[in-house]
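Since every read-out is calculated from the coordinates, none of them should be taken as a lab result. Every value quoted in this text rests on a predicted model; they were computed, and no experiment measured them. Methodologically, a virtual Cβ is constructed for each residue, glycine included, from the backbone with ideal geometry; neighbour enumeration extends over all protein chains shown.
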Amino acid sequence: MKQILIAGAGHGGLVAAVHLANAGHRVRVVEKGKRADLGHDWHDWLEYAAFDGAGIPRPDASICLKGVAQGFRNPKATVMLRHSFNQKAVIMDRKELIAYLLKLAEEAGVALDFETEAVAPLLCGSAVEGLIVRQNGALLELHSDLLIDSAGLYSPVRTKLPASFGIPNTINPRSVFHVWRAYYENTTGERRDPPYIIDFFHNNRPGIDWSITESDYVDILVGKFSQAGELTEDEVDAAVAAYRAECPCLGSKIVRGGSFEDIPISRMLPMIVADGYAAVGDSAGMTVPLNGSGIILSMNAGKILADTVNAIDGACTKKALWPYEYEYFMRHGKDLVMIDIIKTLFTYVKGADIDYLMEKKILTNELLHVGNGPLNLTAEYFLNLLTTGLPLLKLVPAAAKCFKTLPFISRVCNAIPKDYDEESVKKWVKRYQAL
Ligand SMILES: Cc1cc2nc3c(=O)[nH]c(=O)nc-3n(C[C@H](O)[C@H](O)[C@H](O)COP(=O)(O)OP(=O)(O)OC[C@H]3O[C@@H](n4cnc5c(N)ncnc54)[C@H](O)[C@@H]3O)c2cc1C
């Protein structure tokens with residue numbers, strides 16, 4: 001039986017907690033928030049497959065709503081890449097989703113410590129031996145055989161690991177998205193077609209906005225790539241006003257949410273395990289880089305992590321935990337590298353370039369949904385890319401880098417060592433980071 005500590009009640013950490021406790025380990029989750037405050041004040045998109053992949057029962061259908069049709073729009077609004085209603089998508093209130101995962105964890109015998117802040121990892125040489133927490137104003141040292149870092153993008157555990165661990169402490173600004181999200185009153189009940197419109201470089205801002213018209217509210221997200229600076233209230237007001245001009249049903253009263261947040265839009269970090277430590281979810285860069293979706297990936301990773309730990313006989317060393325990183329990468333992470341490169345290109349280009357990419361069918365529905373499965377680009381696509389993509393090389397130096405690495409992505413990704421060996425892993429990390 002191992003003593004397992006989980007920093008942060010993130011999705012992947014809670015899924016891992018359920019399976020590890022069911023397997024007989026002593027599991028404790030340390031969460032800084034109050035139980036009633038956990039989860040965001042909005043709905044999120046995921047799929048039932050997230051629960052199946054995570055090996056936990058699907059929640060009651062009464063707390064799951066159906067998805068709606070989506071459309072991706074270019075800045076000039078000349079192209080709408082429609083994506084028909086995804087039968088597999090379910091929409092859940094984030095607070096209900098977290099409450100559901102907490103209930104499963106509790107039923108499995110996981111100890112839940114709320115209002116307890118993870119402050120830093122407890123280190124012994126090159127190993128993590130536990131966690132320093134602040135509880136009721138006092139600093140305590142908690143010891144563990146394994147510390148699972150599920151504390152999100154700015155995890156104080158990952159950010160305080162020594163550089164020698166090879167786990168990045170900081171996130172590249174091009175992999176963070178500053179957002180505002182709020183539900184505004186729908187004053188007429190009107191719904192647009194498609195109801196969910198995602199706009200690239202909306203209102204001339206380097207970022208992505210969306211508007212989802214529901215009959216009683218309009219869900220607005222205003223986003224900006226963080227390398228372009230902080231998202232200001234003026235920019236939010238301007239974006240909302242632009243939406244109101246095309247959709248008069250958008251009222252000014254906020255009926256839910258209304259907060260600034262940061263979303264990681266990154267591929268898996270090059271290292272997510274160390275002796276006595278494993279990161280999961282946003283803390284490990286497990287998102288769909290173009291839209292920041294991370295719930296499904298995080299929950300799936302939690303299951304892979306638990307399976308790996310349950311198969312470990314002795315200590316949770318980096319070598320013993322490596323199959324977790326390998327499995328996650330092979331099943332999910334590698335398919336997202338391409339989309340990460342495209343996203344990075346997005347952070348360099350101008351709105352006019354996005355217009356070109358979409359009008360010339362270089363940026364397609366298939367690319368935009370790459371996170372939903374393996375990417376199968378046709379010969380026709382590459383021919384089109386060769387003929388129409390050339391002007392982009394002159395326009396954007398970053399495009400050259402992007403297109404230059406395309407042929408190597410698959411080779412580098414598939415070269416991830418199956419078994420841990422310090423030298424081979426170091427070599428692979430170098431090649432992965434160069435993509
Ligand atoms: C506006 C917005 C919309 C999104 N929409 C979607 C969507 O539709 N679909 C989707 O799949 N994803 C969506 N995401 C992304 C999604 O929120 C994350 O990818 C997902 O939550 C996975 O993150 P996580 O569980 O690892 O971490 P988090 O959800 O960030 O959870 C981390 C937990 O750790 C706790 N914590 C943090 N620091 C400490 C500390 N020091 N001590 C103790 N506890 C700590 C936090 O309180 C929190 O409970 C959205 C994100 C945002 C911001």
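In debye, nearest 20: dipole of the stretch 173-264 around its Cα centre with unit charges on the Cβ of K, R (+) and D, E (-)?
That gives a dipole near 120 debye.
Using Cα springs under 10 Å in a Gaussian network model of the chain, which residue among 135, 227, 87 shows the largest mean-square fluctuation?
87
Figure the gain on full extension for residue 228 and residue 331 (residue separation times 0.36 nm, minus the Cα-Cα span) and round it to one decimal in nm.
33.8 nm
Longer than 20 Å from Cα to Cα, which of 2/32; 88/343; 404/430 are they? Say none if no pair is.
2/32; 88/343
Need the C-alpha centroid separation for the stretch 44-101 versus the stretch 124-166, integer Å.
Between the Cα centre of the stretch 44-101 and that of the stretch 124-166, the gap is 33 Å.
Find the Cα radius of gyration of the stretch 169-259, compare it with 2.2 N^0.38 Å by division, and give the number to two decimals.
Rounded to two decimals, the normalised Rg is 1.10.
Where does the charge balance sit around residue 304 when Lys and Arg score +1, Asp and Glu -1, over other residues with C-beta under 11 Å from its C-beta?
-1
Given 0.36 nm per residue, what is the gain on full extension from residue 160 to residue 361 after removing their alpha carbon distance, in nm?
68.0 nm
If you consider only alpha-carbon coordinates, what radius of gyration and Dmax does the stretch 263-362 have, in Å?
16.3, 56
Report the percentage of all Cα-Cα pairs in the stretch 34-127 whose separation exceeds 22 Å, rounded to a whole percent.
Above the 22 Å cut-off, the stretch 34-127 has 51 percent of its Cα pairs.
Compactness ratio of the stretch 18-74: Cα Rg over 2.2 N^0.38 Å, N = residue count?
1.58
Of 63, 290, 420, which is farthest towards the positive pole of the chain's charge dipole, taken about the Cα centre with +1 and -1 on the beta-carbons of Lys, Arg and Asp, Glu respectively?
420
Considering every Cα-Cα pair within the chain, what fraction, in whole percent, is farther apart than 30 Å?
Summing the P(r) tail past 30 Å for the chain gives 44 percent.
For a quick protection proxy, order the peptides 5-16, 108-119, 52-63 by their average other-Cβ count within 10 Å, most packed first.
The densest-packed peptide leads the list: 5-16, 108-119, 52-63.
How would the stretch 103-145 be classified by its alpha-carbon gyration tensor: rounded, prolate or oblate, with rounded meaning a/c under 1.5 and the a/b versus b/c comparison settling the rest?
In terms of gyration-tensor shape, oblate.
Please provide three numbers in whole Å: the alpha-carbon extents of the stretch 222-309 along the principal axes, with the largest listed first.
Cα spread of the stretch 222-309 along its principal axes, largest to smallest: 53, 26, 18 Å.
Once you put a point 7 Å from the Cα of residue 191 and another 7 Å from the Cα of residue 379, both along the Cβ direction, what distance in nm separates them?
Simple spin-label model gives 4.3 nm for this pair.
Find me the longest stretch of the chain that has none of the exposed trypsin sites (Lys or Arg not before Pro), where exposed means in a DSSP loop (not H, G, I, E or B) with at most 12 other Cβ atoms within 10 Å.
Between exposed loop sites, the widest span is 89-417.
By how many nm would the segment from residue 91 to residue 136 lengthen if fully extended, with 0.36 nm per residue of separation less the alpha-carbon distance?
That pair, residue 91 and residue 136, stretches by 12.6 nm at full extension.
Between residue 69 and residue 433, what FRET efficiency follows from the Cβ-Cβ distance if R0 is 35 Å, with the result rounded to 0.05?
Rounded to the nearest 0.05, the efficiency is 0.40.
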